[in-house]
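Derivation of every value follows stated rules applied to the coordinates shown; laboratory data play no part. Just so it is clear, the structure is predicted and the values come from calculations on it, not from any experiment. With ideal geometry, Cβ positions are generated from the backbone for all residues, glycine too; neighbour counts draw on all protein chains shown.
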Amino acid sequence: MIKVIEFVKINPDAIIPSYKTAGSSGMDLSSVEDNFILPGEIKIIGTGLMCNILSAFEGQIRPRSGLAAKFGITVLNTPGTIDSDYKGEIKVILINHGVVPFEIKKGDRIAQMVMQTIIREYTYMDKELLERGEGGFGSTGK
């Protein structure tokens, strides 16, 4: 199995994400701070984590369905993107679509991260693609 992401704690209270079940596609991200989000309010919540992502992947930040269904809390720019070359703290943009203030406590699971493969577009004229030329049927060796 290829490890596509590695997390680094930049806050001692940070929780390293993990898959909760064998079939989970997302890893839960947890808050590293206590906070309140009022109805209609947007807050950026820190996780206390940085990450190293393999260059052919991105991390997608998505809502947790339980928070959305029960409290109206969701990720505003869903899915949020963490590019492989981003080296800052992972933060989550949350919005409260509910009717009551929502309390976040340090350690609460606030979102999930799904790793996604990135396919870059190439054109026929890209140098890497032209190097082979018109060779076929054994032209690359045995």
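A few remarks follow.
- Were the residues from SER55 through THR81 laid out at 0.36 nm apart, the gain over their Cα-Cα distance would be 8.0 nm.
- Interchain or long-range residues, amide H under 5 Å from ILE110's placed H: LEU29, SER30, SER31
- Two-site FRET efficiency, MET115 against LYS70, from Cβ-Cβ distance with R₀ of 30 Å, rounded to 0.05: 0.70
- Karplus (6.51, -1.76, 1.60) ³J(HN,Hα), θ = phi - 60°, over segment 30-43, in Hz, Gly and Pro reported as x: 10, 6, 10, 9, 8, 6, 10, 10, 6, x, x, 8, 10, 9
- Peptide packing: for 9-16, 105-112, the average count of neighbouring Cβ atoms within 10 Å per residue gives the ranking 105-112, 9-16, highest mean first.
- Theoretical FRET efficiency, 1/(1+(r/R0)^6), r = Cβ-Cβ of ILE42 and ILE2, R0 30 Å, to 0.05: 0.25
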